[in-house]
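Structure first, commentary second.
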Amino acid sequence: MSEELFITKTFFQSLGASFVLGLVSYLSLNALSPVFGTTTFLGIFFQGLISGVMGVLAATAVLYLLQNEELRDLLKALRTKFWRAKVLAPSQEEL
């Protein structure tokens, strides 16, 4: 794959995911407004927190469905960092 095609593909995948992130976050803010209220600090804080998390999860799902290479690399790095396979070392006698 040529470098220019790769950059263009990545750009449009990220652009699409960011539109979905914004849309889901905005709709979540509107849906959660009556639940938490907008008159207290905690209400606004939790409304924004939950909406932001939902938006990020939606964008991640879009990138996963589009088979984004950067997301695959990130998931692979996290798997090797946190879920390492146990290394079986030979006993001292075999060395």
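The values are calculated or read from the model by the stated rules, or taken from the named source; none is laboratory data. As the structure is a prediction and not an experimental result, all values here were calculated from the model. Glycine gets a Cβ as well: all are built from the backbone with ideal geometry, and neighbour counts include every protein chain shown.
In segment 62-75, what residues are part of a helix (DSSP H, G or I) and in contact (Cβ under 8 Å) with a residue 12 or more places away in the chain?
Result: 62, 63, 69, 70.
Determine whether residue 18 is surrounded by 12 or more Cβ atoms within 10 Å (Cβ to Cβ), modelled with pLDDT of 95 or more and in contact with a helix residue (DSSP H, G or I) (Cβ under 6 Å, 6 or more places away or on another chain).
Answer is no for this residue.
Taking residue 28 as meeting all but one of (1) free of Cβ contacts under 8 Å to residues at least 12 places away in the same chain; (2) over 15 Å from residue 63 (Cβ atoms); (3) surrounded by 14 or more Cβ atoms within 10 Å (Cβ to Cβ), write down the number of the exception.
The failed condition is (1).
Inside segment 43-60, can you point out the residues that are hydrophobic (A, V, I, L, M, F, W, C), in contact with a helix residue (DSSP H, G or I) (Cβ under 8 Å, 6 or more places away or on another chain) and more than 14 Å from residue 22 (Cβ to Cβ)?
Correct list: 44, 46, 50.
For residue 59, indicate whether it is modelled with pLDDT under 90 and assigned to a helix (DSSP H, G or I).
no
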